[in-house]
């Protein structure tokens, strides 16, 4: 309770009122906007070398400051954690993707409460704090409508939020959250809906609400797009615009982009264009179908980025119209390099990559006209990803330059002045340096204690001096990198910017695997390995890496990745030890990581219903039209449609669903890559079919009960096809369930609470 500083007498006449004054940053304090793109490589903006139309970002660079030596972590969640806190991603609990909870401090699945976010700090300074876009900073098991909500955006300093919580979502059919509640998108793909447009609409609404009612109060707006992370999806007019643009292939296009980078001054003329990464074939060696598919996938990425740039332009225009653009510190950046998750040939459905499935271009080409629309979940091939990372080697998840060297544009006419417009900075900077820079520009000191919790020191280095002076020395001269055992260190020593880097392969010995050494001052594309010639320098840098690892909480080294997505069983979690899930209507659709998995080795689904003749509709469904599983009643029969990337296995009961009370059952079982499904009514088996491809992961879209939410899994009905009878409950039983009262389970749960 706020201390009352007036006096209270017996009457008003002998009393003195006191009015609480909320914090205010002062008249004329600048606004702050951070626009974060996803999986966008160093070369992909027009002002960084590509031929993709990004006139709005290019205009910000032309009237602002463009960084050419800016670095991030190699994946999204750690970059976001370092960006929002100004601290090491490991120190704040985000060594890898959100949800990787390992029981060690560097993988807590969320940002530590000992690291206040920039939203928390600026809110307490009197700023309005607004966010629209991708969050991906809390455990996957905590993103359902049941919470907990303490690490959702509103729990970490944002006063308003509109967007999505996990790492990716369908751009035409997203799983949307407003503040702390799931909502339906305001329109459908058929009605012209696209998430990027919606995010900007909503953020402009928030800003206008603030400036219309409290024009004295500056705002911090965070706009982390889902673009350009897979699925690559864009409106048709943007897809049409790029038809034929990349028919020359990635070898020719990458050379053109490299030459333009030199022409623009983004890279030094002496920079070597790195050779093709292993697994990237020469374009001329590809078959016609390989080339056709690869071109269409790259066209789609370009359309996606072009469309995103136009949405940034709409937001900029909105700020300009309200007279706020010049006094807004406007930052545009990417969270990591271009993604290799489309594989060597590219894919119609990115989920295939995550379960080790390959798709031949000859198969994919049959659906080429679906690419970029709602009926696709595409990602481009390695060759185009390396083109996007020009002139560097490797990709996202790697700590070589292709994974961590990205664009950064800072625009602030009122603060930087005309003399800085269109200038470039080649000083090294890192993602955790952004927020300390903002703090210095605003004159804000982050608290040493926040809400009673002693705070970690802000370890990022403000580069405000570099913004003011193109010749100022870099402020960050020693920076470690680590992801899943991949390690690197960049250090400025004796006037040389050195980089030691080790690419880790699972199962190899951390102590004996080779390190490479590069002089980034003369070899920014890491083409000349000096490990043997400068062995003493390499040994010095490796020792420095271990020292930095100790300081910033990087240890223990942990190579695990996909296995960390398997949720731990806990009697105080959405995933109970008995692995029994009971769902009742009404119920909000359940995100993937919090729902019962219909892709486990054995799945038993039981629905208790009461109906009359003619009742029909979906009982439970997961996924969308690209892949998923739906259980429904239609034509008096119980039906299962198992959609494996467009190949539908349908089983229909041989007997009718009776009127009145009945129990409808579905049994799914995996046998290697294959499986089978059986339906039953009141315990009587009445239909069975083999599933040629039994998936490990169906989709990034979760589970809905009593309807098929928005994008229909089955072509046999239009969504939502809600069940018209009475659905009492749906129970999903998964294998390996244990008695929640057993000693083993109680011990595990006690450990999880520590």
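The values are calculated or read from the model by the stated rules, or taken from the named source; none is laboratory data. What you see is a predicted model; the values in this text were computed from it and never measured. Positions of Cβ are generated from backbone atoms using ideal geometry, with glycine treated the same way; all protein chains shown enter the neighbour counts.
Could you check, for the range 687-696, whether at least one of its residues is assigned to a strand (DSSP E or B) and closer than 17 Å to residue 355 by Cβ? Within the range 687-696, one or more residues are assigned to a strand (DSSP E or B) and closer than 17 Å to residue 355 by Cβ. Residues that are modelled with pLDDT of 95 or more and buried (at least 22 other Cβ atoms within 10 Å of the Cβ) number at least 2 in the following strands (runs of 3 or more DSSP E) confined to the range 556-663: 602-611, 617-623, 628-634, 637-644. When the range 526-558 is examined, which residues are found to be touching a helix residue (DSSP H, G or I) at 6+ places or on another chain (Cβ under 6 Å) and touching a residue at least 60 places away in the same chain (Cβ under 8 Å)? Those that are touching a helix residue (DSSP H, G or I) at 6+ places or on another chain (Cβ under 6 Å) and touching a residue at least 60 places away in the same chain (Cβ under 8 Å): 526, 555.
Every condition in (1) more than 18 Å from the chain's Cα centre (by Cα); (2) farther than 29 Å from residue 139 by Cβ; (3) surrounded by 24 or more Cβ atoms within 10 Å (Cβ to Cβ) holds for residue 91 except the one numbered (2). Just to be sure before I move on: is residue 488 in contact (Cβ under 8 Å) with a residue 12 or more places away in the chain, under 30 Å from residue 64 (Cβ atoms), buried (at least 17 other Cβ atoms within 10 Å of the Cβ) and in contact with a strand residue (DSSP E or B) (Cβ under 6 Å, 6 or more places away or on another chain) in the structure I sent? Criteria met by residue 488.
Condition test on residue 446, is it modelled with pLDDT of 95 or more and part of a helix (DSSP H, G or I)? Considered against the rule, which asks whether it is modelled with pLDDT of 95 or more and part of a helix (DSSP H, G or I), residue 446 comes out as no. Residue 624 passes every criterion in (1) farther than 21 Å from residue 565 by Cα; (2) within 31 Å of the chain's Cα centre (by Cα) apart from (1). Scanning the range 230-238 turns up no residue that is touching a strand residue (DSSP E or B) at 6+ places or on another chain (Cβ under 9 Å) and more than 30 Å from residue 274 (Cα to Cα).
If you go through the range 590-607 one residue at a time, do you hit one that is farther than 29 Å from residue 722 by Cβ and in contact with a strand residue (DSSP E or B) (Cβ under 8 Å, 6 or more places away or on another chain)? Yes: the range 590-607 contains one or more residues that are farther than 29 Å from residue 722 by Cβ and in contact with a strand residue (DSSP E or B) (Cβ under 8 Å, 6 or more places away or on another chain). Inspect all residues belonging to the range 701-710 and state whether any of them is farther than 14 Å from residue 621 by Cα and at pLDDT 95 or above. Scanning the range 701-710 turns up no residue that is farther than 14 Å from residue 621 by Cα and at pLDDT 95 or above. Among the residues of the range 70-88, is any in contact (Cβ under 8 Å) with a residue 40 or more places away in the chain, farther than 23 Å from residue 118 by Cα, crowded, with 21+ Cβ neighbours inside 10 Å and assigned by TED's automatic domain parsing to the domain that holds residue 419? Scanning the range 70-88 turns up no residue that is in contact (Cβ under 8 Å) with a residue 40 or more places away in the chain, farther than 23 Å from residue 118 by Cα, crowded, with 21+ Cβ neighbours inside 10 Å and assigned by TED's automatic domain parsing to the domain that holds residue 419. Only residues that are part of a loop (DSSP other than H, G, I, E, B) and surrounded by 14 or more Cβ atoms within 10 Å (Cβ to Cβ) were counted across the range 253-267, and they come to 2. Annotation for the range 33-50: no member residue is over 30 Å from residue 392 (Cα atoms) and part of a loop (DSSP other than H, G, I, E, B).
Tallying residues that are without any contact (Cβ under 8 Å) to a residue 24 or more places away in the chain and out of contact with any strand residue (DSSP E or B) (no Cβ under 8 Å at 6 or more places or on another chain) within the range 89-130 yields 0.
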